[in-house]
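Structure record follows, encoded as structure tokens.
The values are calculated or read from the model by the stated rules, or taken from the named source; none is laboratory data. Please read these numbers as outputs of a predicted model, since none were measured by experiment. Cβ coordinates were reconstructed from backbone atoms using ideal geometry, including for glycine residues, and neighbour counts include every protein chain displayed.
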Amino acid sequence: MDSGMLEDIGCEEADMRRDHRSARLAVATAGVAAMLALAGCTVSSTPSPSSSEGSSTLATGLQAPWSIVVLDDGGALISQRGDGKVLEVTASGQLRTAGTVPGVVSGGEAGLNGLAVREIDGIRWLYAYHATEEDNRVVRMPLSGEPGSLSLDTGQVEDVVTGIPRAANHDGGRIAFGPDGMLYIGTGDAGQRERARDRAYLGGKILRVTPDGEPAPGNPFGTAVYSIGHRNVQGLAWDDSGALWASEFGQDTWDELNRIEAGGDYGWPDHEGKAGAADAIDPIAVWKPADASPSGIAMVDGTLFIAALRGERVWAFDPSHPETEPWRARFTEEYGRVRDVAAGPGGRLWLLTNNTDGRGQPREGDDRLVQPAFVEG
């Protein structure tokens, strides 16, 4: 067995040095509105909102959640990897099922992964990265209804990108629309590590496509491939300058945060961490897998936040000074494994726990969508 396959099954190793850089975060406290009674198409558990020292629990009872999409009305959509459900959390606290993405075949790290929402020509589309028997793919379907009654139109599913390799592990799965309006897709090498630098292979890449799945104009190789040499991309976010950042599971030695360049080669499997090699781009930040196993990332008020699964924390990083080390750890062991982070309403951070997927130790109410409190750092 690959010795790096315990957290994807991929990220195992010892402690990294602790960091002391100060990243300024606003003191924020916020209450949470009382949850409404579930109505209509509800999930099996009733949310139990709670607030403690400025933190707010926005949803509970989630099952192996993977991705958060914050909506303009202050609500959110959440994907559940195992059962393919998309849940709606309304701004008033209602938790309900918006629908189930058809054709999801779960197993290992594959299932229903990343979500994105985009309105095009008056149609609001839900984009979803999910596994089938044969591959991983990105599909889209109309998302209809008003807040509190959102619904997936599963009769109008369209393939966007197909043929992304799937395996028990290293399935990638994060998707996001960039400031250029193009769809970016993070994939894993699906265990074929020797092909991560192969431009003809969709695994171990960041892809960039138009909203309907065509290779985006200006792509470096004339295909959907935007960057190569990745092991298992888990998070995508843009800083205030428009630069793309990506988090990535390492194997046994280093997890990575990379600043992505069009056509960039990030070295896997020949290089892991900061190799200083002439044929690859070094990561900006690295962590020992025991402290990270990074997943979703998000920009909030100029700070880049990185969810950590095995590390059971959130890392905060200032992308305007990437050469400054070390970065600041937040909420260490407070919530268990953290799968995703997002910019919530009012400049607050939201995080998604991931303790019910068989690798964590579920706590009361898990899994949860939480708006944590910040303290000045």
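Some notes on this structure:
- The strands (runs of 3 or more DSSP E) located wholly in the stretch 1-109 that include 1 or more residues which are modelled with pLDDT of 95 or more, under 24 Å from the mean Cα position of the chain (by Cα) and polar (S, T, N, Q) occupy 55-59, 65-70, 76-80, 95-100.
- Among (1) of a type outside the set (S, T, N, Q); (2) within 16 Å of the chain's Cα centre (by Cα); (3) modelled with pLDDT under 95, the one test that residue 130 misses: (3)
- Selection from the stretch 299-321 of residues that are in a strand (DSSP E or B) and out of contact with any Phe, Trp or Tyr (no Cβ under 8 Å at 6 or more places or on another chain): 300, 307
- Failed item in (1) of a type in the set (Asp, Glu); (2) out of contact with any strand residue (DSSP E or B) (no Cβ under 7 Å at 6 or more places or on another chain); (3) buried (at least 17 other Cβ atoms within 10 Å of the Cβ), with residue 270 passing the rest: (3)
- Condition check for residue 194: farther than 21 Å from residue 102 by Cβ and either assigned to a loop (DSSP other than H, G, I, E, B) or acidic (Asp, Glu) (or both): yes
- Yes/no for residue 82 being over 23 Å from residue 306 (Cβ atoms), touching a residue at least 60 places away in the same chain (Cβ under 8 Å) and of a type outside the set (Lys, Arg): yes
- Yes/no for residue 203 being in contact with a helix residue (DSSP H, G or I) (Cβ under 7 Å, 6 or more places away or on another chain), crowded, with 17+ Cβ neighbours inside 10 Å and in contact (Cβ under 8 Å) with a residue 60 or more places away in the chain: no
- Checking residue 310 against (1) modelled with pLDDT under 95; (2) touching a helix residue (DSSP H, G or I) at 6+ places or on another chain (Cβ under 8 Å), the condition it does not meet: (1)
Matching residues to (1) over 20 Å from the mean Cα position of the chain (by Cα); (2) buried (at least 16 other Cβ atoms within 10 Å of the Cβ); (3) within 30 Å of residue 92 (Cβ to Cβ):
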| residue | (1), (2), (3) |
| --- | --- |
| 142 | yes, yes, yes |
| 145 | yes, no, yes |
| 177 | no, yes, yes |
| 208 | no, yes, no |
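- Filtered by the rule that a residue be in a loop (DSSP other than H, G, I, E, B) and either in contact (Cβ under 8 Å) with a residue 40 or more places away in the chain or surrounded by 20 or more Cβ atoms within 10 Å (Cβ to Cβ) (or both), the stretch 282-298 gives 283, 288, 292, 293.
- Candidate set: the stretch 86-130, residues that are on the phi < 0 side of the Ramachandran plot and acidic (Asp, Glu); chosen: the one surrounded by the fewest Cβ atoms within 10 Å (Cβ to Cβ): 119
- Across the stretch 247-267, the qualifying residues are those that are part of a strand (DSSP E or B) and in contact (Cβ under 8 Å) with a residue 40 or more places away in the chain, and the one among them that is surrounded by the fewest Cβ atoms within 10 Å (Cβ to Cβ) is 259.
- Note on the stretch 257-273: residues that are of a type outside the set (Gly, Ala, Ser), within 23 Å of the chain's Cα centre (by Cα) and more than 15 Å from residue 206 (Cα to Cα) total 2.
- Residue 131 falls short of the stated requirement of being among the aliphatic types (A, V, I, L, M), farther than 25 Å from residue 87 by Cβ and in contact (Cβ under 8 Å) with a residue 12 or more places away in the chain.
Per-residue answers, yes or no, for (1) aliphatic (A, V, I, L, M); (2) within 24 Å of residue 175 (Cβ to Cβ); (3) touching a helix residue (DSSP H, G or I) at 6+ places or on another chain (Cβ under 7 Å); (4) modelled with pLDDT of 95 or more:
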position	(1), (2), (3), (4)
263	no, yes, no, yes
267	no, yes, no, yes
270	no, no, no, yes
282	no, no, no, yes
293	no, yes, no, yes
299	yes, yes, no, yes
306	yes, yes, no, yes
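- Candidates 222, 276, 204, filtered to the one that is of a type outside the set (Lys, Arg), within 14 Å of residue 187 (Cα to Cα) and assigned to a loop (DSSP other than H, G, I, E, B): 204
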